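Written below as structure tokens is the structure these notes are about.
The values are calculated or read from the model by the stated rules, or taken from the named source; none is laboratory data. These numbers come from a predicted model, not from an experiment. Methodologically, a virtual Cβ is constructed for each residue, glycine included, from the backbone with ideal geometry; neighbour enumeration extends over all protein chains shown.
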Amino acid sequence: MKTVKYIFSLCLVILLINSCVQDESSTDFVDTAVAPTNVLALFEVTQDNTGLVTITPTAEGAIGFNIYYGDDTVDPADINQGENTTHTYAEGTYTVTVVAFGPTGLETEITKELVVSFNPPENLVVTIENDEAVSKQVNVTASADNAISFSVDFGDGSELVTGNIDETVSHIYQEPGLYTIEVTAMGAAIETTSYTEVDFEVTAILQPLTSAPVQPSRSDSDVISIFSSSYTDVPDVNYFPDWGQASQGSGWALFDLGGDEMLQYINLSYQGIALADNTSVDVSAMEFLHLDVWTADAVTDIEISLINNASGTVTEAPITKALTPNSWTTIEIPVSDYTDQGLTVSEIFQMKLVGTPWAAGTVFVDNIYFWKAPSGTPTGVVGTWKLSSVAGALGVGPAVGDIGWWNCDDACVTERACYYDDQYIFNADGTFSNVLGADTWVEGWQGGSDSCGTPVAPHDGSGAATFVYDEGAGTITLNGTGAFLGIPKANNSGELSNPADAPASITYNATLSNFDTEMSVYIEAGSGVFWQFNFTKEGGVSSPLAGSWQLAPEAGALGVGPAPGDITWWSCDDVCVGDRACYYDDQYVFGSDGSFSNVLGAETWTEGWQGGGDSCGTPVAPHDGSAIATYDLDLDAGTLTINGVGAYIGLAKANNTGELADPADAPASIVYDITIIDSSTINVMVEAGSGVFWQYKLVKI
């Protein structure tokens with residue numbers, strides 16, 4: 001970096017002080033429109049002491065501008081994008097206002113303070129430096145008193161570049177090397193001030209500054225990794241065997257980018273990668289070979305060969321791919337591109353990389369692996385899902401199960417109907433899709449107005465995506481930029497503020513229930529921030545309990561004993577069944593939507609602890625069927641959970657902690673053991689205190 005200070009006596013001063021305010025008052029007729037952004041204005045003044053200033057505004061998303069000169073001129077200049085306006089100022093201080101407006105009428109306004117003084121520029125300070133991120137880009141910043149703009153001759157025959165004083169202009173050179181750069185500060189006077197930097201060295205960036213793209217989560221059975229920190233590599237691979245390439249001027253090293261290691265092949269002619277002796281991998285079941293390659297601009301193409309050793313016969317086949325200079329190139333080669341050349345891929349033991357031009361430049365390589373679409377996906381998650389259109393199905397809070405910070409209530413569900421009809425599709429082949437339709441809920445960070453609007457990329461369902469469902473871990477990983485569950489901003493690092501920052505993959509915690517027709521999902525989007533969603537599967541398989549059930553009207557269908565299957569302490573015999581007819585006609589109704597009801601009619605059997613007389617009588621709250629209740633059936637665990645104070649199976653008093661002595665002590669849920677005998681018969685049991693097993697036989701009616 002060069003910093004030079006020159007002091008001169010020169011001509012005019014125009015000081016520019018920026019402030020910015022946005023006006024988005026016109027959002028009620030186009031929900032998805034956004035106000036213009038990145039509004040700028042270039043001021044240029046003629047060097048003739050007239051005070052004639054040219055104002056050239058620019059903005060993204062603008063079709064025109066209103067320029068308020070800030071003096072006694074009443075009407076603004078109305079100009080189109082790409083035009084400018086001129087105005088003559090007397091000496092003084094002015095606030096120039098630039099209003100950019102888009103096609104929908106949304107506006108963004110900036111102000112620049114303009115101080116006009118017929119004094120020469122002085123105290124010129126120039127900073128010239130190579131850009132830290134862009135190869136062969138040079139940035140120039142100039143500041144000076146009494147100057148409004150500056151121009152830069154970058155010394156390579158390109159056109160002059162002009163910018164406002166105190167701002168930065170940039171230029172990318174075709175070649176690195178030594179150049180003479182001249183900077184001229186300009187005011188309104190005839191005189192200008194210049195600074196010349198001789199033999200400034202323009203440098204090329206010859207190594208990556210960022211890591212290769214993050215790789216998606218994959219099951220071990222779906223990937224064979226040669227070199228990648230994302231997966232488990234084949235052991236003892238030799239990434240630097242010397243097959244004679246050193247004699248071509250080539251070299252190799254393990255490059256460490258802030259703890260991220262990658263392969264560096266210097267002056268790449270050809271380079272081998274060899275598995276351990278007597279080791280090979282069968283990639284015939286894999287679908288693609290993946291590599292990430294970074295180079296500057298010397299290596300234009302890379303040839304990737306697979307080498308097979310089938311019973312001692314060595315064969316190979318090459319595929320050539322073009323490289324993008326100064327950035328990571330992601331390469332996906334179908335394994336069929338090799339087998340179509342006649343190569344057998346059942347015993348791959350080596351790979352070979354060849355650079356074009358030969359031995360002319362360096363490449364960095366990461367994430368070498370073979371992969372296929374997810375296999376063995378548990379079927380439970382496969383299908384089309386929507387957010388449940390009920391209050392509380394979407395919310396956020398400080399812990400799992402707590403959505404106290406905010407949740408979508410009934411009014412919110414209605415307002416966001418465009419969002420609650422969005423589909424989340426898990427296909428049996430491991431692919432995933434967000435199907436949002438013509439509109440969805442679009443938030444401010446997406447450029448929307450927190451209302452229904454056109455989906456915004458990449459969260460618009462346009463990207464290819466896959467998923468990995470780990471049933472044991474209770475996780476769903478979506479792979480594909482823009483793929484999401486619930487809300488697009490919530491991810492494993494926090495909440496997005498810009499759609500361009502969407503991650504390549506997101507992992508959610510997921511629990512399936514009600515015969516895999518309901519799914520509870522949460523994600524910790526930053527420390528202690530838990531977004532939570534409840535989904536319902538469309539056209540899901542109905543629960544085998546769906547329907548109405550009653551106690552079987554037979555001896556022994558109701559009883560209690562010291563162990564499962566043992567009701568010797570007491571059971572309801574034939575006489576008992578007759579006496580309790582008002583009880584045996586009670587219905588236990590399981591909805592296909594997971595709802596549950598006790599339907600008792602005008603009377604049921606009421607016991608002394610309820611204030612009854614151990615006889616038929618009016619049902620007693622809360623065990624009177626008034627509870628709003630749900631159920632969860634877990635066939636793997638063999639359990640049936642009834643949720644809702646006063647909801648129950650069999651006897652109202654029997655619960656997981658014992659037997660009730662007061663209706664007011666009814667628990668919020670009861671977990672029963674269940675055995676499904678056939679489509680119309682189930683056995684249900686609850687241990688109501690240690691070694692006290694109440695048991696019921698129910699039949700579907």
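Within the stretch 525-550, being modelled with pLDDT of 90 or more and among the small types (G, A, S) holds for A525, G526, S527, G528, S548. In the set V134, V169, only one residue is in contact (Cβ under 8 Å) with a residue 24 or more places away in the chain and surrounded by 15 or more Cβ atoms within 10 Å (Cβ to Cβ); that residue is V169. Of everything listed in (1) in the same structural domain as N434 (by TED's automatic domain parsing); (2) surrounded by 15 or more Cβ atoms within 10 Å (Cβ to Cβ); (3) among the hydroxyl-bearing types (S, T, Y); (4) at pLDDT below 95, the single unmet condition for Y522 is (4). Between G61, G82, the distinction of being buried (at least 16 other Cβ atoms within 10 Å of the Cβ), assigned by TED's automatic domain parsing to the domain that holds L106 and not polar (S, T, N, Q) belongs to G61 only. The criterion of being over 25 Å from the mean Cα position of the chain (by Cα), in the same structural domain as G361 (by TED's automatic domain parsing), buried (at least 19 other Cβ atoms within 10 Å of the Cβ) and modelled with pLDDT under 90 does not hold for Q264.
Given the condition buried (at least 19 other Cβ atoms within 10 Å of the Cβ), over 54 Å from the mean Cα position of the chain (by Cα), assigned by TED's automatic domain parsing to the domain that holds E687 and of a type in the set (A, V, I, L, M), answer yes or no: does some residue in the stretch 576-588 qualify? Yes, that holds for at least one residue. Would you be able to say whether some residue in the stretch 185-192 is polar (S, T, N, Q), surrounded by fewer than 21 Cβ atoms within 10 Å (Cβ to Cβ), modelled with pLDDT of 95 or more and assigned by TED's automatic domain parsing to the domain that holds H87? No, the stretch 185-192 contains no residue that is polar (S, T, N, Q), surrounded by fewer than 21 Cβ atoms within 10 Å (Cβ to Cβ), modelled with pLDDT of 95 or more and assigned by TED's automatic domain parsing to the domain that holds H87. Beta carbons closer than 6 Å, at least 6 apart along the sequence or on distinct chains, pair a first residue in the stretch 281-306 that is surrounded by fewer than 17 Cβ atoms within 10 Å (Cβ to Cβ) with a second that is basic (K, R) and not in a strand (DSSP E or B) for E287/K372. Taking the criterion of being closer than 30 Å to G361 by Cα and among the small types (G, A, S), the residues of the stretch 281-303 that qualify are A296, A298. One residue stands out in the stretch 193-204 among those that are aliphatic (A, V, I, L, M) and in contact with a Lys or Arg (Cβ under 9 Å, 6 or more places away or on another chain): the one that is surrounded by the fewest Cβ atoms within 10 Å (Cβ to Cβ), namely A204. Across the stretch 677-696, the qualifying residues are those that are under 47 Å from the mean Cα position of the chain (by Cα) and assigned to a loop (DSSP other than H, G, I, E, B), and the one among them that is surrounded by the fewest Cβ atoms within 10 Å (Cβ to Cβ) is S679. Within the stretch 357-397, the set of residues being modelled with pLDDT under 95 and under 29 Å from A310 (Cβ atoms) comprises W371, K372, A373, P374, S375, G376. Residue count for the stretch 395-436, restricted to those that are under 26 Å from A373 (Cα atoms) and assigned to a loop (DSSP other than H, G, I, E, B): 6. For the stretch 236-252, the criterion of being modelled with pLDDT of 90 or more, part of a strand (DSSP E or B) and in contact with an Asp or Glu (Cβ under 8 Å, 6 or more places away or on another chain) is met by none of the residues.
So which residues in the stretch 651-676 are crowded, with 21+ Cβ neighbours inside 10 Å and of a type in the set (G, A, S), if there are any at all? Once the filter is applied, which keeps residues that are crowded, with 21+ Cβ neighbours inside 10 Å and of a type in the set (G, A, S), the stretch 651-676 yields A652, A654. The sole residue among A602, A637, A621 that is closer than 23 Å to T511 by Cβ, surrounded by fewer than 21 Cβ atoms within 10 Å (Cβ to Cβ) and outside the structural domain of T517 (by TED's automatic domain parsing) is A637. Of the strands (runs of 3 or more DSSP E) entirely within the stretch 78-165, those holding at least 1 residues that are at pLDDT 90 or above and closer than 16 Å to A189 by Cα occupy 85-88, 122-130, 137-145, 149-153. Cβ-Cβ distances below 6 Å connect the following pairs, each with a first residue in the stretch 488-504 that is aliphatic (A, V, I, L, M), a second residue that is surrounded by 16 or more Cβ atoms within 10 Å (Cβ to Cβ), and a separation of six or more residues or different chains: A490/I523; A490/A525; A490/W531; L496/K489; A502/P458; A502/T481; A502/G482; A504/T481. Within the option set T568, T536, T511, being assigned to a strand (DSSP E or B) and loosely packed, with under 14 Cβ neighbours inside 10 Å holds for one residue only, T511. Which of the residues belonging to the stretch 599-624 are in contact (Cβ under 8 Å) with a residue 40 or more places away in the chain and aromatic (F, W, Y)? If the condition is that a residue be in contact (Cβ under 8 Å) with a residue 40 or more places away in the chain and aromatic (F, W, Y), then W609 is the only one that fits.
Find the residue count for the stretch 309-353, including only residues that are outside any strand (DSSP E or B), among the hydrophobic types (A, V, I, L, M, F, W, C) and more than 30 Å from I205 (Cβ to Cβ). Within the stretch 309-353, residues that are outside any strand (DSSP E or B), among the hydrophobic types (A, V, I, L, M, F, W, C) and more than 30 Å from I205 (Cβ to Cβ) number 3. Within the stretch 514-533, if we keep just the residues that are β-branched (V, I, T) and not in a strand (DSSP E or B), the residue that is nearest to F590 (Cα to Cα) turns out to be T517. Residues in the stretch 69-79 that are surrounded by fewer than 18 Cβ atoms within 10 Å (Cβ to Cβ) and either closer than 20 Å to N49 by Cα or not assigned by TED's automatic domain parsing to the domain that holds A188 (or both): D71 alone. Quick one: is Q423 more than 20 Å from N491 (Cβ to Cβ), not assigned by TED's automatic domain parsing to the domain that holds G594 and not basic (K, R)? Yes. P488 satisfies every condition listed in (1) in contact with a helix residue (DSSP H, G or I) (Cβ under 7 Å, 6 or more places away or on another chain); (2) under 19 Å from K386 (Cα atoms) except (1).
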